[in-house]
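Read through the structure below, which is laid out as structure tokens, and then see the notes.
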Amino acid sequence: MKHPNIFILTAFCLFLTTFSSVFAEKKERNSKSKKITHSIFIAGPQFTGIIDEQGNEVWNSGKNGARDGYVLPNGNVLICWGDEVREYDQDKKVIFSYKRRDPKNELGTAVRLENGHTLITESGTEPQLLEISAHGKIMLSVPLQPDTDNIHMQTRMARKLSNGNYLVPHLLAFAVKEYTPTGEVVQTFKTDLPELGGRAAENWPFTAIRLKNGNTLINLTHGNKSIEVDKTGKVVWKISNDDFEENLFQDPCGAQRLPNGNTVIASYAAQEGIKLFEVTRKKELVWSYSGYRVHDFQILTTNGKPIKGKPMK
């Protein structure tokens with residue numbers, strides 16, 4: 001016969017096990033239910049400006065239809081429209097401007113570089129990637145190879161890499177190309193791969209972001225998916241409407257990889273409901289925005305804290 005203390009000890013152990021399990025589940029629920037808030041810069045057809053974490057408009061450019069843009073470290077705002085790139089200071093004075101050289105051309109990129117130049121793509125009969133000085137002088141011109149005469153579909157957001165090259169998405173070429181400053185293509189990531197549905201899936205690359213691990217995050221507008229490829233172009237992560245009960249992906253345009261590894265995606269064609277959303281690596285939806293339509297954006301803060309480092313967008 002067992003000693004009575006054994007029964008007491010066994011019961012106490014069962015109690016501790018149950019309590020620990022309940023506490024862990026409660027902790028997990030609380031962690032998952034913790035509300036995420038972001039302040040965001042939006043470049044879009046209905047509004048181009050800044051929304052705070054409570055959803056209030058705190059800055060408005062007064063000109064809609066922007067395609068790309070950044071809130072700079074000094075608080076100025078750099079914005080690209082199809083016809084002009086502007087930088088506003090904190091008094092909302094335009095202190096930098098570049099206008100397209102031909103009415104038929106389209107601008108699609110505005111990035112302030114470490115050398116003080118502004119990176120701009122100008123699509124047209126001679127599509128080019130430009131570095132413009134603070135005084136508006138063209139310091140560098142890189143000829144682009146979009147594989148199409150369709151000006152609107154030649155390219156969108158280009159980014160300069162740490163090695164001095166440029167990463168440029170070309171929609172109808174089904175390719176993201178890396179260019180040297182002389183215009184040589186040294187690497188190409190194809191987006192019409194069989195595992196992505198081939199050309200029939202119309203995976204037009206719109207945004208290409210070089211990540212810290214050397215991989216590249218690509219938004220495939222019209223194909224309604226986002227992918228991450230390694231240095232060889234192999235798809236190592238993919239997310240699409242197949243991963244959700246609702247169609248979150250509706251012509252995804254802008255994207256941003258946050259420091260915590262989550263990815264924020266703009267659903268440009270969404271007329272109602274979710275326009276911008278954040279997902280984890282495990283494809284969990286953890287935040288969304290349902291206000292204005294979003295073409296491109298920048299997450300500025302999370303729960304009151306500024307996003308650290310250079311934004312990966």
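The values are calculated or read from the model by the stated rules, or taken from the named source; none is laboratory data. The structure presented is a predicted model; accordingly, all values stated were derived computationally and were not measured. When we count neighbours, we look across all protein chains shown, and the Cβ atoms used for this are built from the backbone with ideal geometry, even at glycine.
Things to note:
- Residue in segment 73-99 that is nearest to MET312 (Cα to Cα), counting only those that are aromatic (Phe, Trp, Tyr) and assigned to a strand (DSSP E or B): TYR88
- Restricted to segment 258-283, and to residues there that are basic (Lys, Arg) and surrounded by fewer than 21 Cβ atoms within 10 Å (Cβ to Cβ), the residue that is farthest from the chain's Cα centre (by Cα) is LYS282.
- Taken over segment 38-70, the criterion of being among the hydrophobic types (A, V, I, L, M, F, W, C) and either crowded, with 21+ Cβ neighbours inside 10 Å or without any contact (Cβ under 8 Å) to a residue 60 or more places away in the chain (or both) is satisfied by ILE40, PHE41, ILE42, ALA43, ILE51, VAL58, TRP59, ALA66.
- In segment 143-166, the residue that is nearest to HIS222 (Cα to Cα) out of those that are hydrophobic (A, V, I, L, M, F, W, C) and surrounded by fewer than 21 Cβ atoms within 10 Å (Cβ to Cβ) is MET153.
- Qualifying residue in segment 284-296 (condition: buried (at least 21 other Cβ atoms within 10 Å of the Cβ), among the β-branched types (Val, Ile, Thr) and touching a residue at least 60 places away in the same chain (Cβ under 8 Å)): yes
- When residues of segment 205-260 are limited to those that are touching a helix residue (DSSP H, G or I) at 6+ places or on another chain (Cβ under 9 Å) and part of a loop (DSSP other than H, G, I, E, B), the one nearest to ASP192 (Cα to Cα): GLY223
- Any hit, segment 171-192, residues being in a strand (DSSP E or B), at pLDDT 95 or above, polar (S, T, N, Q) and surrounded by fewer than 20 Cβ atoms within 10 Å (Cβ to Cβ): yes
- Applying the criterion of being in contact (Cβ under 8 Å) with a residue 24 or more places away in the chain, of a type outside the set (Ser, Thr, Tyr) and farther than 16 Å from GLY65 by Cβ to the residues of segment 95-119, the residue that is surrounded by the fewest Cβ atoms within 10 Å (Cβ to Cβ) is LYS104.
- Scanning segment 157-170 for residues that are outside any strand (DSSP E or B) and within 19 Å of VAL229 (Cα to Cα) yields MET157, ALA158, LEU161, SER162, ASN163, ASN165.
- Taken as a whole, segment 59-72 holds at least one residue that is outside any strand (DSSP E or B), among the basic types (Lys, Arg), in contact with a Gly (Cβ under 8 Å, 6 or more places away or on another chain) and at pLDDT 95 or above.
- Within the option set GLU284, GLU278, being within 21 Å of ASN56 (Cβ to Cβ) and not β-branched (Val, Ile, Thr) holds for one residue only, GLU278.
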